[in-house]
1. Would you mind finding the one in 67, 100 that is among the aliphatic types (A, V, I, L, M), farther than 24 Å from residue 191 by Cα and within 11 Å of the ligand (Cβ to nearest atom)?
2. Quick one: how many residues across region 141-169 are surrounded by fewer than 19 Cβ atoms within 10 Å (Cβ to Cβ), touching a residue at least 40 places away in the same chain (Cβ under 8 Å) and within 13 Å of the ligand (Cβ to nearest atom)?
3. Regarding residue 40, is this residue closer than 28 Å to residue 249 by Cβ, part of a helix (DSSP H, G or I) and of a type in the set (A, V, I, L, M)?
4. Could you tell me whether residue 106 is within 18 Å of the chain's Cα centre (by Cα) and either hydrophobic (A, V, I, L, M, F, W, C) or within 28 Å of residue 141 (Cβ to Cβ) (or both)?
5. Looking only at region 174-208, filter to residues that are under 16 Å from residue 23 (Cβ atoms), in contact (Cβ under 8 Å) with a residue 24 or more places away in the chain and in contact with a Phe, Trp or Tyr (Cβ under 9 Å, 6 or more places away or on another chain); which one of those is surrounded by the fewest Cβ atoms within 10 Å (Cβ to Cβ)?
6. Looking at this structure, is residue 137 over 20 Å from residue 192 (Cβ atoms), in a helix (DSSP H, G or I), free of Cβ contacts under 8 Å to residues at least 40 places away in the same chain and among the small types (Gly, Ala, Ser)?
7. Tell me whether region 211-219 contains one or more residues that are among the charged types (D, E, K, R) and in contact with a His (Cβ under 9 Å, 6 or more places away or on another chain).
8. Which residues, counting only those in region 42-60, are out of contact with any Leu (no Cβ under 6 Å at 6 or more places or on another chain) and hydrophobic (A, V, I, L, M, F, W, C)?
Amino acid sequence: MSHILDQFRLVGRTALVTGGSQGLGLKIATALAEAGASIVIVSRRLDACQIAAEAVHNETGQPTFALAADVTDPESVERLFGDVTERVGGIDILLNSAGLNKRGPVATLTAEDWDSVVDANLKGPFLMARAFGPSMADRKWGRILNFGSILSHIGIAGRTPYASSKAGLLGLTRVLALEWALSGVTVNAICPGPFATEMNRPLLNDPEQYKNFVSKIPMGRWGELDEICGAALFLCSNASSFVTGTTLTVDGGWTAQ
Ligand SMILES: NC(=O)c1ccc[n+]([C@@H]2O[C@H](COP(=O)([O-])OP(=O)(O)OC[C@H]3O[C@@H](n4cnc5c(N)ncnc54)[C@H](OP(=O)(O)O)[C@@H]3O)[C@@H](O)[C@H]2O)c1
């Protein structure tokens, strides 16, 4: 029986992080590298991915790679699969952190707003899992971690496409978990409450909305970026070997109310 802390080590594993060029994806990429993984950073902007990959390498000493792809585009995802296979041979961990939010009352949202959010948050994880999951299953070990939200569980006015996509993502997570249950590949979702990233710039820049958000969090504050890492590492490691098709919420108690 291995030491409990060994179950969290990722030595010899390769993790691909979509949306790894910034925010929660970059924070978790660094944590997974600290645990011993090689890291592939992916987003649409190659220059941002290269800067992020270099930062992760400088901080952890682990091998890192940067590749550009649009997770909403099937051809781009297939090209990415080819590039990843050529550069690193394959991945063990897929973290679907790429995401988008467009806020506003439903009457003001366009069909394009809806499509862009649902494509990034729901179609993207589907295309990525479809491309990378089967080779993990062939190798009999894999971790797929989808990024839900508290809006996977509850509603907030003005968030139709985001809440719909993040609730739908839990359905995708459960079905993929069942499809790969016998193959050593687990599929789970992490559901963050509010963290101060680019995505939340409109809330951070509006003192009224910021105060309103804090008032809903039993812990009385936003999450520090570091506070997402333990939950993510758990779900990406051997420590969660019997956990699949479920969600782990990291929200300071918001959805407990
Ligand atoms: N921050 C929070 O409080 C919070 C709360 C709950 C859930 N989440 C979820 O956590 C995840 C990360 O959020 P974050 O706050 O770190 O967001 P963020 O700072 O806005 O970063 C989003 C990332 O996604 C990439 N991206 C967007 N569309 C893409 C596409 N079509 N293809 C490839 N990459 C794409 C962006 O890079 P490019 O622009 O270069 O493509 C960027 O790296 C998201 O799924 C978000 O919904 C966040």
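1. Values: 100 fails: farther than 24 Å from residue 191 by Cα.
Just a single option satisfies the conditions, and that option is 67.
2. Final tally of qualifying residues: 4.
3. On the way: closer than 28 Å to residue 249 by Cβ: yes; part of a helix (DSSP H, G or I): no; of a type in the set (A, V, I, L, M): yes.
So residue 40 does not fit the description; no.
4. On the way: within 18 Å of the chain's Cα centre (by Cα): no; either hydrophobic (A, V, I, L, M, F, W, C) or within 28 Å of residue 141 (Cβ to Cβ) (or both): yes.
In short, no.
5. For region 174-208, the residue satisfying everything is 196.
6. Numbers: over 20 Å from residue 192 (Cβ atoms): yes; in a helix (DSSP H, G or I): yes; free of Cβ contacts under 8 Å to residues at least 40 places away in the same chain: no; among the small types (Gly, Ala, Ser): yes.
No: the conditions fail for residue 137.
7. Let us first name the residues in region 211-219 that are among the charged types (D, E, K, R), namely 211, 216.
Narrowing the set further to residues that are in contact with a His (Cβ under 9 Å, 6 or more places away or on another chain) leaves none.
No, region 211-219 contains no residue that is among the charged types (D, E, K, R) and in contact with a His (Cβ under 9 Å, 6 or more places away or on another chain).
8. First, pick out the residues of region 42-60 that are out of contact with any Leu (no Cβ under 6 Å at 6 or more places or on another chain): 43-51, 53-60.
Result: 46, 48, 49, 51, 53, 55, 56.
Here, each number is a calculation from the coordinates, and none is a lab measurement. Everything numeric in this text was worked out from a predicted model, so none of it was measured. Because the Cβ atoms are built from the backbone with ideal geometry, glycine has one as well, and the counts that use them run over all protein chains shown.
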